[in-house]
Every structure is written in C-alpha cells, then in structure tokens.
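Nothing in this text is a laboratory measurement; each read-out follows from the coordinates by a stated rule. Treat the numbers as computed from the prediction; the structure is a model and nothing was measured. Cβ coordinates were reconstructed from backbone atoms using ideal geometry, including for glycine residues, and neighbour counts include every protein chain displayed.
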Amino acid sequence: MADRGFTVTRLPGFTTIALLVFAALYAPIAMLVVYSFNAGDSIATYDGFSMRWYQRAWENDHVKDATVRSLVIATTAALIATAAATMAALATTRKKPFRGQTAVYVAINQPLMVPEIVTAVALLIFFAAIKVTTGYQGLGYLILAHTAFCIPFAYLPIRARLEGMDLTLETAAADLYATPWRTFRYVTLPLLAPGIVAGMMLAFVTSLDDVVITLFVKSAGQDTLPTYLLGQIRRQVTGEVNAISTVLLCLTVVLLTTFFLLTRKKS
C-alpha cells in the first residue's frame, strides 16, 4: 500500500477534539438563537416558542435610532475605506518596488497589529482636541474613526485580487494606446470589482460590530446598536437583547458568506 503522507486528520483523537472545539464555539451561539424565541421572561428557562422579543425590539424607538445610526456609520465608513484601500492597493501592486514600500504596507495594516484599545485611546485624545477647538460634536468623528480601522480590512482582499490578476489584458490595452485611466476603467476595474465588493462588505461588517472604538469616540446620544446592547446588558439581560443579537448574527453570516463566495478561487 502506498504511503499517503502525513495529514493531521489521521492523528488519533483529531475528530473528537475538533467536535469539542466546534461545540465550545457554537453551542453558546445556538443557545442565544434559541432563547431569542423564548415566550417567557427568563433567559435561563425556555417556556415555548414566541416572536414577542423580535416584536418588542421592532417597536423600540431606541433600537430603531441605534440601528439607523449604525447603518449610516458602517455604510459611509465602508465606502470611504474601500475607496482609500483601492487606491492604496493599486499604488502598492501596480508600481515598481520602491524604497519604503514595506513601511507603507505596515502603516496601512497598523490597526490590525496594534491592540484595539490603544487605537481607541489614541483616537479619543486626537478627537477630543478637535472637539475643544471646533465645538463640533457630530457623527463625523465616529465615521472617521471607523474608516481608519476599516481600511486594512478592505485593503487585504483588494490587494489579494490585484496580485492574482493577469497583467496581460492591461499590457495589451497599453499597447493599443489606451491611457492609464481608460485601462483602469475598462480593464482593471471590471476585473477588480469582486475584490472591491468583498473588501467593502468586510469593512461594513467590521464597522457594524465594533464596540471598543465606538465607546471611546462617541458623544452623548450617539449609541450604535452594539453599544446600545452593551448598555442593556449592564442593566438587565432580556430576550430583546437575544433577538437583536440574532439579527446581527444573521446579517454578519450572510455578508461573510458572500465575501467567501466572491474571494474563493475558481478552477
């Protein structure tokens, strides 16, 4: 019998350990979803199926305001971050290697390497000085903060898409006297579109789920949905919190599944 080589899946106990890990990861999430349909008031006793907590969340004006605010911030930040990430990816992949390119790459991905609390404190100090000087207290600070830490999440899939693209078509367009702008518009951009959409969705999900930076940067009355949920948990955990969390979970799963389908390699 030919030796099939070493694979980790053939190690003794691999299946058991994998099942235990998956159970530890997903059992709490499954319980959250189940108890979001609980007819009773207890979060520890299941009293039958009901949609009452979803209806209560739908009728809650605070939830509506926080949801709209979260969507506005996440959408705006994702669009700006994706535009900036696309330009950065083009500059670091469609140009000849230059001195300091590694430093540029590190600077773009800095939010991924530095603890989020450090970024949050730095943004708090920076925006506090601007608030004192200008007196402006609007959502612009949250949008800028979310944009800053979403850029690397949009940059990575866009850069990966560019690196996997064949340069033949772009070279052919240049040989046919197409300007750099026309080459980008009619050749590069259509081929890059799946990476751009994937990067934008990843940035959107990252912004939508953020708590730490939002808590540090937001002003009074600017709760997003995650910070609203955190405030409710500090007071009392109800089925309404489970229902809102389940909706966020479903939205995140849909977007990440789409991201996977857009970025997977085709044979």
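3J(HN,Hα) along segment 130-139: 5, 4, 5, 6, 9, x, 7, 10, x, 6 Hz, from the Karplus curve 6.51 cos²θ - 1.76 cosθ + 1.60 with θ = phi - 60°, whole Hz, x for Gly and Pro. Annotation: for a label point projected 7 angstrom from Cα along Cα→Cβ of Thr258, residues of segment 174-200 with backbone N closer than 16 Å are 193-200.
What is the gain in length, in nm to one decimal, between Val21 and Ala172 on full extension, counting 0.36 nm per residue of separation less the C-alpha to C-alpha distance? Before the final figure, lay out each step's value.
Numbers: separation 151, 0.36 × 151 = 54.36 nm, distance 5.05 nm.
Using 0.36 nm per residue and subtracting the Cα-Cα distance, I get 49.3 nm.
With the simple spin-label model, which puts each label point 7 Å out from Cα in the Cβ direction, the Leu139 to Asn109 separation comes to 3.2 nm. Just checking the listed ones, Ala160, Ala173, Ala18: in the Gaussian network model of the chain with Cα springs under 10 Å, the one fluctuating most is Ala18.
Couplings 3J(HN,Hα) of segment 144-159, computed from phi: 5, 5, 5, 4, 4, 8, 8, 4, x, 5, 7, 5, 4, x, 5, 4 Hz, in residue order, whole Hz [Karplus 6.51 cos²θ - 1.76 cosθ + 1.60, θ = phi - 60°; x for Gly and Pro]. Counted by Cβ distance under 12 Å from Ala243, the other residues give a net charge of 0, where Lys and Arg count +1 and Asp and Glu count -1.
Which parts of segment 201-225 would a label at Val68 reach, counting a residue when its backbone N lies under 15 Å from a point 7 Å out along Cα-to-Cβ? Output list for this probe position: 222-225.
Taking Cβ atoms as reference points and 15 Å as the exclusive limit, the residues near Gln101 contribute a net charge of +4, counting Lys and Arg as +1 and Asp and Glu as -1.
Beta carbons within 10 angstrom, averaged per residue: use that to sort the peptides 196-209, 229-242, highest first. Could you put the intermediate results ahead of the total?
On the way: 196-209: 24.0, 229-242: 15.8.
With the highest mean Cβ count within 10 Å placed first, the list reads 196-209, 229-242.
For segment 121-192 versus segment 1-60, the inter-centroid distance based on Cα atoms is 36 Å.
Note down the net charge around Tyr155, summing +1 for each Lys or Arg and -1 for each Asp or Glu among other residues with Cβ under 13 Å from its Cβ. Each step should come with its number before you reach the end.
Details: positive: Arg159, Arg161; negative: Glu163.
Net charge in that neighbourhood comes out at +1.
Based on Cβ point charges of +1 for Lys and Arg and -1 for Asp and Glu, what charge dipole magnitude is obtained for the chain about its Cα centre, in debye rounded to the nearest 20?
760
Put simply, the amide H of Asn38, placed in the peptide plane, has neighbours under 5 Å in Ser50, leaving out anything fewer than 5 places away on its chain.
Multiply the residue separation of Arg52 and Val33 by 0.36 nm, subtract the distance between their alpha-carbon atoms, and state the gained length in nm to one decimal.
Numbers: separation 19, 0.36 × 19 = 6.84 nm, distance 1.38 nm.
Going from the current span to full extension adds 5.5 nm.
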